[in-house]
Amino acid sequence: MGPSVVVRNLSAKYIGSDTWTVRAVDLQVNKGEMVVIMGPSGCGKTTLFRILAGLVPSLIPGTVEGEVTVEGVDVVRAGYKQLVGVVGLVYQNPEMQVITRSVIEELAMGPENLGLSQEEIQKRIDWVTHVLNLYDLLDKDPQSLSGGEKQLIAIASVLTIKPKVLLLDEPTSMLDHRGTRLVLEAINQLKKEGLTILVAEHRVEWAVEAADRVAVMGRGTILLEGKPEEVFSRVEDIQRYGVRPPGIAEVAYELRKKGIDIPIPVKLEDSWKLGVGSK
């Protein structure tokens with residue numbers, strides 16, 4: 001498949017700041033691909049996502065240099081209004097996104113703004129309710145939900161738009177194991193349907209289960225990029241850049257320190273590489 005997201009020599013800073021939050025970023029994501037963006041707080045992940053969603057500089061003032069194209073749209077020039085129904089952004093804090101007084105209203109709001117029929121809106125609500133197992137939440141006031149439940153609703157409300165590109169900024173920060181597993185299952189299904197997905201995430205154990213590539217950011221730029229097994233095999237770089245690998249990879253790092261030369265697994269299904277499971 002061809003490119004869905006193209007970023008060339010992107011640099012950006014917010015109004016009133018002399019510091020470039022994003023510096024000389026190059027990234028291409030193909031249709032149906034999932035890329036995980038890792039890096040310490042302040043490395044530029046959120047700013048990159050805001051630019052991809054058309055929020056900077058059209059809604060959030062700032063300076064953006066370089067080329068950014070999402071599904072053929074020049075997002076810097078076009079702004080967020082041209083990306084409605086094309087890009088869906090899920091914020092780290094669901095309080096910024098969940099605004100209605102009932103879960104059903106929240107799920108219907110996006111499709112209604114797209115002018116879809118009531119029949120199509122109901123189909124999308126039924127679909128996302130099934131995918132994320134939201135049956136017990138539909139009749140509740142979102143403000144009465146836990147942080148993790150609000151996060152699921154925020155993700156669900158973006159999915160009902162059925163965007164071509166999904167941006168998830170720390171989507172599992174408030175979710176327990178069950179909620180994280182539901183998000184992973186939803187992502188795997190969406191990938192099969194051809195959705196392009198970018199995830200900014202610290203908790204990478206779940207993300208590498210579905211990721212095609214990992215990009216490590218630091219000081220506003222991309223320092224490492226490649227398949228998960230390639231990136232996490234560069235032990236010295238991973239540790240120097242201050243990102244945490246999947247737990248199973250950390251075990252392999254420690255075994256290597258003890259002189260045991262083994263491949264570095266990144267997924268649980270690869271635990272046989274540690275000699276603790278069966279292939």
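Overview of results
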read-out	value
Difference of contour (0.36 nm per residue) and Cα-Cα distance, THR19 to GLU65	15.2 nm
Sorted by Cβ density within 10 Å, fewest first, the residues ILE15, ILE153	ILE15, ILE153
Per residue Cα convex hull volume in Å³ - calculated over the stretch 3-228	115
Per-residue Cβ neighbour rank within 10 angstrom, fewest leading, ASP18, ASP212, ASP169	ASP18, ASP212, ASP169
Inverse of mean 1/r across different Cα pairs in the stretch 1-49, Kirkwood, Å	12.1
Descending semi-axes in whole angstrom, ellipsoid equivalent of the stretch 118-232, from the Cα gyration tensor	28, 16, 12
For THR47, THR180, order by how many other beta-carbon atoms lie within 10 Å, fewest first	THR180, THR47
The stretch 35-64 versus the stretch 131-147: alpha-carbon centroid distance in Å	29
Histogram of C-alpha separations across the stretch 204-257, 5 Å bin width, %	4, 19, 33, 26, 13, 4, 0
Spin-label model distance (nm) - SER271 vs ASN93, 7 Å beyond Cα toward Cβ	3.7
Antiparallel content of DSSP bridges confined to the stretch 3-228, in %, to 5	55
Kirkwood Rh, Cα atoms: Rg over Rh of the stretch 79-154	0.96
The chain, relative contact order [Cα under 8 Å, separation at least 6], %	22
Over the stretch 1-93, equivalent-ellipsoid semi-axes from the Cα gyration tensor in Å	20, 15, 13
The chain: most fluctuating residue of LYS140, LYS150, LYS267 per GNM, C-alpha cutoff 10 Å	LYS140
16 Å reach of a label modelled at LYS140, 7 Å along Cα-to-Cβ, counting backbone N of the stretch 99-132	99-107, 129-130, 132
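Values in this text are rule-based calculations from the coordinates and carry no lab data. From a predicted model like this one, the values you see are computed outputs, not experimental measurements. Reconstructed Cβ throughout: ideal geometry from the backbone, glycine too, with neighbour counts over all protein chains shown.
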